[in-house]
Amino acid sequence: MPILSIRKEGGSVSNLESTSALHGFATPGRYGKRDGEAGVTASERKNLGLATVVARKGQEAALKTAIQGAYGADLPDGSRSAVGKGVRFIGIGPGQWFAVSESLANEALADELATKLQGIASVADHSSGRAVMRIEGPAARDVLAKGLMIDLDPRVFVDGAAATSTLSHMGVLLWRDGNAYDVALFRSVGGSFWGWLRDSGAAFGLEFVTTS
Amino acid sequence: MRINCPYCGARGLEEFTYRGDATVKRPESIEESARDAWVDYVYLRDNPAGLHKELWHHGAGCHSWLEVTRNTVTHEITAVELAAKGR
């Protein structure tokens with residue numbers, strides 16, 4: 001991770017710059033089939049705020065009310081997402097949600113949730129532990145089908161649908177955002193994920209873009 | 001074999017871990033007189049040919065503990081509930 005040290009009067013301030021989970025092994029460009037439009041486009045959604053929200057004992061109703069009041073989202077009782085003001089809440093288990101935000105970047109999301117949900121939910125920051133990859137394009141479903149045992153037919157896996165499962169033996173959280181699929185995985189398996197994506201996307205032509 | 005997780009839906013066996021008989025109850029007493037009950041609780045299991053209530057952990061999904069009713073002869077699963085139901 002590059003650390004930019006900025007010298008200031010009377011001391012130095014460290015400014016940590018976030019690095020891609022695929023840094024060092026995945027370079028932007030076209031992979032596999034060269035001719036025609038790329039069947040699948042992949043990018044990393046960097047600097048997202050990521051956090052888990054777990055209801056404290058007997059506080060689930062209070063948590064739902066608080067989230068509705070603060071973000072205008074109805075926490076779902078199942079594996080799907082609810083999009084509120086600047087934050088997407090995804091059901092990951094009974095009484096547990098995974099929150100994703102662009103506007104509340106990195107740890108800002110967990111900080112805000114922890115403040116607003118004091119006493120009713122436990123909040124943990126995941127922004128530096130997970131990478132979120134966006135998979136889209138006409139062949140996105142065909143590529144994901146090579147590693148994921150989830151039915152992604154649009155009649156079943158509708159916009160906002162989500163699943164916690166395994167992708168080529170790697171634990172992932174997947175959700176659909178419009179026609180794109182977002183895959184959250186542990187940063188430490190970023191290299192394995194890239195290897196899987198490059199090989200699985202080759203037949204359709206894979207375009208890898210660094211950030212979205 | 002697929003297990004119909006009440007939270008995630010039907011998923012393949014590789015997402016779950018078997019965690020044993022769901023009917024055993026931890027003895028209330030820790031006195032010497034309860035020794036037989038403890039031996040039974042820790043070591044002795046029935047081995048029914050037919051319906052069996054067992055615990056499964058959905059480790060690759062929602063991390064719920066499930067109470068599964070499975071026929072040990074045919075592997076048919078007749079019921080799946082959250083082990084934490086009503087708690």
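No lab work stands behind these numbers, since they all come straight from the coordinates. Remember, it's a predicted structure, so these values are computed and weren't measured experimentally. So basically every Cβ, Gly included, is an ideal-geometry build from the backbone, and we count neighbours across all protein chains shown.
For this structure, a couple of remarks:
- Under the convention that each Lys and Arg Cβ holds +1 and each Asp and Glu Cβ holds -1, the size of the dipole of chain B around its Cα centre is about 320 debye.
- Residue list for the stretch A:114-158, given a label point 7 angstrom along the Cα-to-Cβ vector of residue B:13 and an amide N cut-off under 19 Å: A:149-150
- Residue-averaged 222 nm ellipticity for chain B, from DSSP H runs of 4+ at -39500 (n - 2.57), nearest 500: -2500 deg cm²/dmol
- For the protein assembly as shown, the antiparallel share of DSSP beta bridges with both residues in that region comes to about 95%.
- In chain B, a dipole from Cβ-located charges (positive for Lys and Arg, negative for Asp and Glu) runs towards its positive end, and of B:43, B:75, B:22 it is B:75 whose Cα lies farthest in that direction.
- Taking all Cα pairs closer than 8 Å and separated by 6 or more residues, the relative contact order of chain A comes to 29 percent.
- A simple rule links phi to the HN-Hα coupling: the Karplus curve 6.51 cos²θ - 1.76 cosθ + 1.60 with θ = phi - 60°, which for the stretch A:94-106 gives x, x, 10, 9, 10, 9, 10, 8, 8, 6, 9, 6, 6 Hz, with x for Gly and Pro.
- Shape of the stretch A:49-125, Cα gyration tensor, a/c cut at 1.5: rounded
- Check: the stretch A:49-125 dipole with +1 on Lys, Arg Cβ and -1 on Asp, Glu Cβ, in debye: 220
- Rounded if a/c under 1.5, otherwise prolate or oblate - the stretch A:103-143, Cα gyration tensor axes: prolate
- Take each residue in B:58-66, count the other chain C-beta atoms within 10 Å of its C-beta, and the mean is 4.
- Rounded FRET efficiency, nearest 0.05, which uses the C-beta distance separating residue B:65 from residue A:46 and R0 of 30 Å: 0.25
- CD proxy at 222 nm, helix term only [per DSSP H run n ≥ 4: -39500 (n - 2.57); per residue of chain A; nearest 500]: -5000 deg cm²/dmol
- For chain A, the Rg and Dmax computed from alpha carbons only, in angstrom: 18.5, 61
- Couplings 3J(HN,Hα) for the stretch B:66-75, derived from phi with the Karplus relation 6.51 cos²θ - 1.76 cosθ + 1.60 (θ = phi - 60°), are 10, 9, 10, 9, 10, 7, 5, 8, 9, 6 Hz, where x marks Gly and Pro.
- Length-normalised contact order for the stretch A:49-125 - Cα pairs under 8 Å, 6+ apart - percent: 42
- By the Cβ-Cβ criterion of under 4.7 Å, the unpaired cysteines of the protein assembly as shown are B:62.
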